[in-house]
Amino acid sequence: MNDALPIVTLDGPAGVGKTTLARRVADNLGLSYLDTGAMFRCLALKLGPGAEKLPEKELRSRCAQWTFTLAGHGAHSALLCNDMPVGGEIRTEEVGMLAARIATVPTVREILCAIQRTLGNRYSLVVEGRDMGTVVFPTARFKFFLDAAPEVRALRRLRDLEERGEGVDLASLTSQIRQRDSLDRNRPIAPLRPAKDAFVIDTSNLDIEGVLNAILQHICAHDGAHFFPSINVMY
């Protein structure tokens with residue numbers, strides 16, 4: 001792992017705002033940002049439905065067709081798959097469910113964990129996902145776990161989709177998030193849970209700025225200014 005600057009991990013369930021917050025934190029700290037959920041979604045889309053049932057040898061062979069790299073820093077960080085930017089095609093609810101299914105497969109988790117650690121050795125990162133602080137980067141200096149009620153997350157997701165011109169029923173969206181939570185929290189391999197040393201933030205009654213400031217304040221209170229002289233916190 002890169003010793004020049006620490007790794008910052010943000011874990012939490014679907015729809016809690018990890019992606020937006022991780023980009024903002026990375027921008028504030030001047031680090032690269034890694035969206036590990038996008039890696040699972042990208043693989044899920046490329047592998048297609050039923051990939052979780054593939055024989056291990058075939059699954060490894062197919063996954064080996066794709067490599068992941070990073071470009072840029074802060075809000076301009078980009079995840080590349082085979083040197084092509086990963087785009088909005090992975091952000092549908094259907095792909096999210098496919099990703100949750102392949103995330104239960106030990107082989108897939110092993111492959112992506114190795115890639116994520118390799119990237120952590122090359123870059124100082126703000127990294128978000130489901131098990132970043134518990135499994136992938138257990139020695140990360142700054143660990144956060146973000147959570148919110150399923151109904152709150154569903155409403156936020158609904159607003160995001162409406163802004164993109166996509167019509168989704170709130171009840172259906174809430175049900176999908178509950179299903180995703182069940183898959184994530186109850187899988188036998190790396191279930192979703194806070195690391196013992198993570199700072200837990202309930203975002204139900206906070207906007208993005210409120211959560212961002214809570215994260216940055218915590219980093220500052222734990223020697224963060226030593227690593228990030230330009231950190232900007234509103235007290």
> Does at least one position in the stretch 12-20 carry a residue that is touching an Asp or Glu at 6+ places or on another chain (Cβ under 7 Å), of a type outside the set (S, T, Y) and outside any loop (DSSP other than H, G, I, E, B)?
Replying inline: yes
> Of all helices (runs of 4 or more DSSP H) completely enclosed by the stretch 118-232, which ones contain at least 1 residues that are crowded, with 20+ Cβ neighbours inside 10 Å and not hydrophobic (A, V, I, L, M, F, W, C)?
Replying inline: 150-163, 170-186, 224-227
>> Can you report the number of residues in the stretch 123-136 which are at pLDDT 95 or above and among the small types (G, A, S)?
In response: 1
> Assuming R109 fulfils every condition listed in (1) among the charged types (D, E, K, R); (2) touching a residue at least 24 places away in the same chain (Cβ under 8 Å); (3) farther than 21 Å from V135 by Cα apart from one, which condition is it?
Replying inline: (3)
>> Given the criteria at pLDDT 90 or above, of a type in the set (V, I, T) and over 23 Å from T36 (Cβ atoms), does T139 qualify?
In response: no
> Do we find a residue being in contact with a Ser or Thr (Cβ under 9 Å, 6 or more places away or on another chain) and of a type in the set (D, E) anywhere in the stretch 107-116?
Replying inline: no
>> Show the residue pairs meeting these rules: Cβ distance below 8 Å; 6+ apart or different chains; first residue within the stretch 169-187 and among the charged types (D, E, K, R); second residue assigned to a helix (DSSP H, G or I).
In response: R178/P150; R180/G96; R180/M97; R180/A100; D181/P150; D184/A100
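The values are calculated or read from the model by the stated rules, or taken from the named source; none is laboratory data. Since this is a predicted model, take the numbers as computed values, not measurements. Here the Cβ is made from the backbone with ideal geometry for all residues, glycine too, and neighbour counts use every protein chain on show.
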